[in-house]
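The structure appears below as structure tokens.
Rule-based calculations on the coordinates, nothing more; no lab input. Quick caveat: nothing in here was measured; it's all calculated off a predicted structure. Because the Cβ atoms are built from the backbone with ideal geometry, glycine has one as well, and the counts that use them run over all protein chains shown.
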Amino acid sequence: MKPCMTTEDAAEWRQHNERLVARNMRALSPCEDCTVRFAVEMRLAGRCDGWPEDRPDGRPWSRSADERQEMARRRWRESKQRTRSRATA
Ligand SMILES: [Zn+2]
């Protein structure tokens, strides 16, 4: 589990990731689904050293793959934001 995630986050993310039908769309690490902004924040906070980037196995970073996954990613990011605003409220 990544230090940038709570146990709850990690479980949610795993569920979200496994829901992706195409196996090659699934991320190997939750950090792949982070926004750059979030990754920078977590880095500055010392909570994660991960980075949203291409996978080591060379999954092609195509525009269409991005578009297909955008909705799932957005759902994940929104739930992450909700968790974070709960935590800071
Ligand atoms: Zn991370």
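Sorted by mean Cβ packing within 10 Å, highest first, what order do the peptides 79-85, 24-30 take? Mind dumping the intermediate values first?
Details: 79-85: 13.3, 24-30: 15.4.
Those peptides, ordered most packed to least, come out 24-30, 79-85.
If R₀ is 22 angstrom, what is the calculated FRET efficiency for the pair SER79 and THR7, using the beta carbon separation as r and rounding to 0.05? All intermediate terms of the calculation are to be shown ahead of the outcome.
Details: r = 14 Å, r/R0 = 0.66.
Calculated transfer efficiency: 0.95.
Spin-label model, MET25 to TRP51: label points 7 Å out along the Cα-to-beta-carbon direction sit 2.7 nm apart.
Compared with the alpha-carbon gap, the fully stretched path from ARG14 to ARG37 is longer by 6.2 nm at 0.36 nm per residue.
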